[in-house]
Amino acid sequence: MDVNVEKTKALKADPIYAAYKKWADDNGVICPNLDYPVAFWDEGVIGTAAKNDIPPNKAYVFVPYSICINLQRAKSSEISHIFKKRFFTKHSRGNDHILWIFVLYEKLKGPESFWYPYFTTMSGFSNMIDWTEEELAELQDKLLVHDNMKWRDRISRIWKGIYGIIKNYPEYFPPDRNLYEEFMWSWKVCCTRGYAWEGGMLIPVADNTNHGEVYTSYESEEKSVLKVQAENRTSEVDYTDFLDIKLEYEIEVDYRKNTNRLEKYLEKSEIPEIRNIWQLDRVLENYRSSSSEDDERNIAECTSEEESAYDEEDNVPDDPPTQGEYYFFMSTGVRTSFKKGEQVLNAYGRLNNRNLLLDYGFAIPNNRYDTVYFLLWLARSGREGLVKIEDIKAKSEEYCNSTELYGLKPKRLNVDVFIYYREMMPIPVKNFPSDIQVELEIIDKFLSICIELHEDFVTNLEYDEELLKTDCSGRMKSALYYRINQKKIVLSQIKMLETLRKELEKIQDGLDISTHTEGRSFEEIRDLYPLRDYLKSLEGYIKKS
């Protein structure tokens with residue numbers, strides 16, 4: 001990570017950050033190996049750097065519960081009676097609303113708030129609802145833009161409900177202040193800085209870290225226990241930072257790469273001798289994939305209706321530990337470490353760029369969790385193929401009841417689309433490939449979907465990659481990261497389908513599927529690798545028949 005030295009110096013000289021550091025130190029935050037604020041890249045993105053090497057399995061920041069903002073703190077405050085209103089106790093997002101309003105209340109107190117030094121460092125927050133129409137168009141994704149508009153409408157409705165309550169308490173929410181603007185600040189702070197820990201929390205200092213593909217863990221423990229663990233050093237996790245015990249480390253940072261098991265194997269070995277492509281699974285069983293082989297948060301906003309206004313239960317988590325004696329702390333995972341001077345990152349979750357844009361307002365390059373989402377008409381609709389954005393916007397009964405969400409991943413053949421088309425055909429086997437001629441027809445239909453998705457992009461991949469090399473704004477860079485990866489995924493799926501079609505045609509012409517990789521080139525085997533499960537299933541059917 002490139003440190004912007006000049007902007008870092010300016011941040012260090014800013015009294016706002018000096019006051020924040022003093023406030024954190026005075027209130028018991030422990031993080032001797034973290035340096036904040038540090039500016040990164042030309043844009044000067046503010047984050048945290050490692051003062052010294054931070055090895056795997058090391059706890060590196062400890063924040064007392066006494067300075068965290070959580071539901072219990074809000075519900076024991078002087079405005080706790082407001083949260084007894086039905087809007088907060090029965091709404092499905094009631095806990096979130098409580099946190100937003102408590103932060104709003106504390107923000108309005110200005111210097112009188114305990115958290116004033118913390119709040120003053122929070123500026124420049126934005127997410128996708130702040131983007132202009134021109135900026136949204138650069139995403140080249142009508143479905144994502146539509147979902148963003150739904151977010152705007154939703155937060156507007158929530159604000160109306162909240163304002164209808166807080167306007168009755170001018171002693172806490174002065175009507176001469178711009179309450180909507182202050183509420184939006186509070187909402188964005190909670191969305192972009194909050195932890196999904198014990199019902200939702202703002203955790204000062206811990207939230208100074210930016211998102212990255214790393215392994216970090218969150219825990220809480222009582223002060224006396226942490227002290228013993230730091231002194232005795234008997235745990236797998238190193239707690240010595242809690243007592244600022246200095247240790248020397250020699251670490252090698254294994255930078256994470258978006259590679260599948262075959263790619264990892266080929267870094268050290270030649271392609272093995274195999275008779276068929278699924279034999280690679282046995283060869284590679286000791287290798288772990290770092291590409292997205294598990295589905296991340298597989299939700300597209302367009303598939304969810306407005307959340308229920310009221311739930312029967314108010315799901316408030318159990319009370320957390322005694323506030324003053326307990327600490328929230330973060331540790332590096334077994335495969336995560338940070339070299340001195342590097343940016344210290346935290347994984348916000350298995351989030352693809354769609355999720356990152358909607359929740360945080362940014363995207364990252366080469367996001368291994370990225371997915372290209374699209375909707376297909378189900379058979380009961382009497383229609384087939386892609387659902388158009390016009391149908392989504394119309395939100396007809398047919399759309400709501402007769403569509404299903406699908407997604408393309410960068411290194412995985414989507415077999416669900418094959419099943420989708422088999423369901424529409426008069427064939428006995430639906431979940432697995434059987435008749436090769438039928439499968440070839442499905443491949444052509446699936447290819448048509450992918451080609452249509454690709455044709456919806458306004459620019460081509462080469463243009464985008466050249467544009468990314470120019471001096472772009474932060475939002476433009478995020479839009480480019482997003483649409484570049486979307487195009488790569490669609491093109492990857494097209495290549496997989498074309499490879500599969502050629503292979504099925506060879507099998508149809510007499511190639512023995514059980515020995516189909518004998519004598520094949522490295523490039524051919526590499527291209528066949530994502531198709532191994534499909535081809536293994538086909539071989540099983542051919543053997544039975």
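Of all aspartates and glutamates in the structure, those lying under 14 Å Cα to Cα from LYS543, and not within fewer than 8 positions of it along the same chain, are ASP435, ASP512. Using a cut-off of 19 Å between Cα atoms, the listed pairs LYS502/LYS536; LYS395/LYS430; LYS142/LYS395; LYS142/LYS487 include LYS395/LYS430 as exceeding that distance.
In loop segments of the stretch 151-192 as defined by DSSP, the chymotrypsin sites (Phe, Trp or Tyr not before Pro) with at most 16 further C-beta atoms inside 10 Å of their C-beta are TYR172. Annotation: lysines with alpha-carbon distance below 16 angstrom to LYS227 (same-chain offsets under eight excluded): LYS58, LYS246. Mind giving me the FRET efficiency for ASP435 and GLU462? R0 is 41 Å, r the Cβ-Cβ distance, nearest 0.05 is fine. Working from the Cβ atoms, E equals 0.60. How far, in nm, would the chain grow between VAL228 and ASP533 when pulled straight, counting 0.36 nm per residue and subtracting the alpha carbon separation? Contour length minus the Cα-Cα distance gives 104.7 nm. For the stretch 387-503, the relative contact order is 34 percent, taking Cα pairs closer than 8 Å that sit 6 or more residues apart in sequence and dividing their mean separation by the residue count.
Take the alpha carbon gyration tensor of the stretch 375-516, find the square roots of its eigenvalues, order them as a ≥ b ≥ c, and report rounded if a/c is under 1.5; if not, report prolate when a/b exceeds b/c, else oblate. It comes out oblate by the Cα gyration axes.
Within the stretch 370-450, the trypsin sites (Lys or Arg not before Pro) that combine a DSSP coil assignment with at most 15 other C-beta atoms in a 10 angstrom radius are ARG383, LYS388, LYS395, LYS430. Gyration tensor analysis over the Cα atoms of the stretch 102-169 returns equivalent ellipsoid semi-axes of 31, 18, 7 Å (largest first, whole Å). To the nearest 500 deg cm²/dmol, what mean residue ellipticity at 222 nm is calculated for the chain from DSSP H runs of n ≥ 4 alone, each contributing -39,500 (n - 2.57), summed and divided by the residues? Roughly -12500 deg cm²/dmol at 222 nm, from the helical runs in the chain. Largest first and in whole Å, the equivalent-ellipsoid semi-axes of the chain read 46, 31, 22, each the square root of five times a Cα gyration tensor eigenvalue.
Can you tell me how the stretch 147-203 classifies by the Cα gyration tensor, rounded, prolate or oblate, using a/c under 1.5 as the rounded cut? The shape class here is oblate. Of all aspartates and glutamates in the structure, those lying under 20 Å Cα to Cα from LYS107, and not within fewer than 8 positions of it along the same chain, are GLU78, ASP96, GLU171, ASP176, GLU181, GLU182, ASP207. Shape class of the stretch 116-227 from the alpha-carbon gyration tensor: oblate, with a/c at 1.5 or above and b/c at least as large as a/b.
Rule-based calculations on the coordinates, nothing more; no lab input. Please read these numbers as outputs of a predicted model, since none were measured by experiment. Cβ: placed from backbone, ideal geometry, glycine included. Neighbour counts: every protein chain shown.
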